[in-house]
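Report on the structure given below.
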Amino acid sequence: MSLPQGTQMNIGTASKLTGLSSKSIRLYEEKGVITPPYRSDSGYREYSDTHIQELNLVARAKSAGFSLAECKEFVQLANNPTRKSSEVKQRAKEKLEEIDLKLRQLTEIRDQLSQWVDACPGDTNADCPIIDELTK
């Protein structure tokens, strides 16, 4: 679905264009993650193409593991014509390092669990190496 350039749209249309729920869009507005939409005389939110770009940025950044606060920073950077790509790259690099650390930690947890599962006979006896390890 696409609209002519410069068209104002309601939250339902913004939701369809971005794949985000109306509730999520309202939350992003409430938290200041996106630029506040224009309010009509009757109080309805009216979204522009810029809002759609911001909402798409937030959706993609969240799916890449960024927090709402980090998404807000990305929106601010996207709207800043004097931004430096080095700022954006640094934030992405920090997130990558964070993800790499989590992966190492999860691998360690997986390895420990695998050892415990391999050591346990899983039979009808009460003797259990997993419990023994957990209660050391």
Can you find a residue that is part of a helix (DSSP H, G or I), under 30 Å from GLN8 (Cα atoms), assigned by TED's automatic domain parsing to the domain that holds MET9 and free of Cβ contacts under 8 Å to residues at least 12 places away in the same chain anywhere in the stretch 66-74? yes
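Only one residue in VAL58, VAL88 is of a type in the set (A, V, I, L, M, F, W, C), surrounded by 11 or more Cβ atoms within 10 Å (Cβ to Cβ) and farther than 30 Å from ASN10 by Cβ. Which one? Reasoning before the result, please.
Numbers: VAL58 fails: farther than 30 Å from ASN10 by Cβ.
Exactly one of VAL58, VAL88 is of a type in the set (A, V, I, L, M, F, W, C), surrounded by 11 or more Cβ atoms within 10 Å (Cβ to Cβ) and farther than 30 Å from ASN10 by Cβ, namely VAL88.
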Please verify whether THR35 is outside the structural domain of THR13 (by TED's automatic domain parsing) and of a type in the set (Val, Ile, Thr), treating the condition exactly as stated. no
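Look through ILE34, ILE25 and report the one residue that is of a type outside the set (Ser, Thr, Tyr), under 19 Å from GLN8 (Cα atoms), touching a residue at least 12 places away in the same chain (Cβ under 8 Å) and not in a helix (DSSP H, G or I). Spell out how you get there, then give the answer.
Numbers: ILE25 fails: not in a helix (DSSP H, G or I).
Step by step, each of ILE34, ILE25 is checked, and only ILE34 is of a type outside the set (Ser, Thr, Tyr), under 19 Å from GLN8 (Cα atoms), touching a residue at least 12 places away in the same chain (Cβ under 8 Å) and not in a helix (DSSP H, G or I).
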When ARG110 is evaluated against the numbered criteria (1) over 21 Å from the mean Cα position of the chain (by Cα); (2) closer than 28 Å to SER22 by Cβ; (3) of a type in the set (Lys, Arg), which criterion, by number, is the only one it fails? (2)
I'd like to check something: does the stretch 95-105 contain any residue that is under 23 Å from TYR28 (Cα atoms) and within 28 Å of the chain's Cα centre (by Cα)? yes
Qualifying position, being surrounded by 15 or more Cβ atoms within 10 Å (Cβ to Cβ), without any contact (Cβ under 8 Å) to a residue 60 or more places away in the chain, out of contact with any helix residue (DSSP H, G or I) (no Cβ under 8 Å at 6 or more places or on another chain) and more than 29 Å from LYS23 (Cα to Cα), among CYS120, CYS128: CYS128
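Given ARG60, ARG91, which one is among the basic types (Lys, Arg), in contact with a helix residue (DSSP H, G or I) (Cβ under 8 Å, 6 or more places away or on another chain) and in a helix (DSSP H, G or I)?
Details: ARG60 fails: in contact with a helix residue (DSSP H, G or I) (Cβ under 8 Å, 6 or more places away or on another chain).
Testing whether each residue is among the basic types (Lys, Arg), in contact with a helix residue (DSSP H, G or I) (Cβ under 8 Å, 6 or more places away or on another chain) and in a helix (DSSP H, G or I) leaves just ARG91.
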In this structure, is VAL117 outside any helix (DSSP H, G or I) and either in contact with a strand residue (DSSP E or B) (Cβ under 8 Å, 6 or more places away or on another chain) or among the aliphatic types (A, V, I, L, M) (or both)? no
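The values are calculated or read from the model by the stated rules, or taken from the named source; none is laboratory data. Bear in mind that the values here come from a model prediction, so they are computed numbers and not experimental data. A quick note on method: Cβ atoms are made from the backbone with ideal geometry, for glycine too, and the neighbour counts reach across all protein chains shown.
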